[in-house]
Every structure is written in C-alpha cells, then in structure tokens.
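**Q** Structure in structure tokens, see below.
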Amino acid sequence: MHISEGILSGPVLLSGAALAAVGTGIGLKSLDYDRIARAGILAASFFVASLIHVPIGPSSVHLLLNGIVGLLLGWGAVPALLVALLLQGVLFQFGGITTLGVNTVIMAAPAVIAYYLFGPWARRPDAIGMAAAFLVGFCSVLLSGVIAAAALMLTGEGFLEVAGLILAAHIPVMVIEGIVTLFCVMFLRKVQPSLLDHR
C-alpha cells in the first residue's frame, strides 16, 4: 500500500510530512527505554511482512501488521513504522523519500487509532477480547486503505478509480490480517501477557 514517488501533489506531500513529524515526536516521547527493543522487533516484522507480495490482478498486496504494532506500542508505532518505511524506500524503492511522510501516516495513523479503539478490549481473555484483536488487524488495514485512497483523491479526481481498486484489492488482506493479529494476541496472552498490559 506504499504510494510511489511522483504521484501525489505537493500539498498532500507536505501535509503528510507534517503529520508524520508530529506523530513521530509524540511517539518518541512515549517510548521508554524498556520498549526500544520491542519497537525494533516490531519494525523489523513490519519490514519483512511488507516485502512478501501476493499478486492480485494488475497489482499486488501484502500483510501490513500495523495493527499489532499499534496494539503493542501505541504512539511508539509512528517512529517504528517510519524507520521501517525509510529502509524499504532506500533499500528496495518501495514508496520513496518524498512520500515517506504520507506513507507513514497511511500505516501509523490506523495503528494508533486501533490502539485506542480496540486496545483495552483486545487485552481481555474472553470472546470480546478475541473479537477486538481481530478488529485491530482488520480495521488497521481498512483505515490504511481509506487514508491511501484519500491521499490519491486529494491529489486529483483522476485517481478516484485507482483509490477504489486499492480498497477492493485489500479486502482479503483485511480478513487475513485480522486473523493473524488474533493469533498473535492469543499467543502473547499465553507466553507473555505483560506485553499486552501496558497503557
């Protein structure tokens, strides 16, 4: 769901960069020393998951894992995802440097939103917790698609059809991401529930 160089308009790029800078500042303040290693591992997981592409029609999709990153880091997801996206842009030309701010907002804003909307519920060890864990993954991908589509539509009306295709292509990913997030949360609840208990 990376947006490549040369597509977005200047105002959209500047707005994305400004939002990413603010989010990164808040995220860095929220990351205490004990969670730095966790942020690095989660950024690496996002980095690797985003490299595995599955072709669907003229495009391809991949897991994002931004929901689980947000659930475990809160605002700390913003700098973690920023670093992963920067490395992807530099090493593999996924996204780009000028679109780094927008791509960070596309991935990190849903992670933070999911943290606040579903985080308290996802920590519960019952059916409500399982449903909330699924929604963390599902809604993170959905919101990422909506933000990417909005960025394209704000650039020009010619991207309206492309924006719709992005959302449609990611419907299976939303479901898979929800299931993956659910299993991750269930696993963490068994082996190290303290990771889910931070506020």
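**Q** List Phe94, Phe183 from most exposed to least, where exposure is judged by having the fewest other Cβ atoms within 10 Å.
**A** Phe183, Phe94
**Q** Kirkwood hydrodynamic radius, computed over distinct alpha-carbon pairs, for the chain: how many Å, to one decimal?
**A** It is 16.7 Å.
**Q** Could you work out the per residue convex hull volume over the alpha carbons of the stretch 112-199, in cubic angstrom?
**A** Taking the convex hull of the Cα positions in the stretch 112-199, it is 82 Å³ per residue.
**Q** Tell me the angle of helix 10-30 to the major Cα principal axis of the chain, expressed in degrees between 0 and 90 and rounded to the nearest ten.
**A** 20
**Q** Any idea what the relative contact order of the chain is, in percent, if you count C-alpha pairs under 8 Å spaced at least 6 apart?
**A** Dividing the mean separation by the residue count of the chain yields 25 percent.
**Q** Taking a ≥ b ≥ c as the square roots of the eigenvalues of the Cα gyration tensor of the stretch 61-116, is the shape rounded (a/c under 1.5), prolate (a/b larger than b/c) or oblate? Each step should come with its number before you reach the end.
**A** Working: a/c = 2.14, a/b = 1.86, b/c = 1.15.
Prolate is the answer for the stretch 61-116, as a/c is 1.5 or above and a/b outweighs b/c.
**Q** Could I ask something else about it? Given 20 °C and 1.002 mPa s, how large is the Stokes-Einstein diffusion coefficient of the stretch 22-134 in µm²/s, with Rh as the Kirkwood radius over Cα pairs?
**A** Diffusion coefficient, whole number: 148 µm²/s.
Bear in mind that the values in this text are calculations on the coordinates, not laboratory data. In this text, all values refer to a predicted model and were calculated from it rather than measured experimentally. Reconstructed Cβ throughout: ideal geometry from the backbone, glycine too, with neighbour counts over all protein chains shown.
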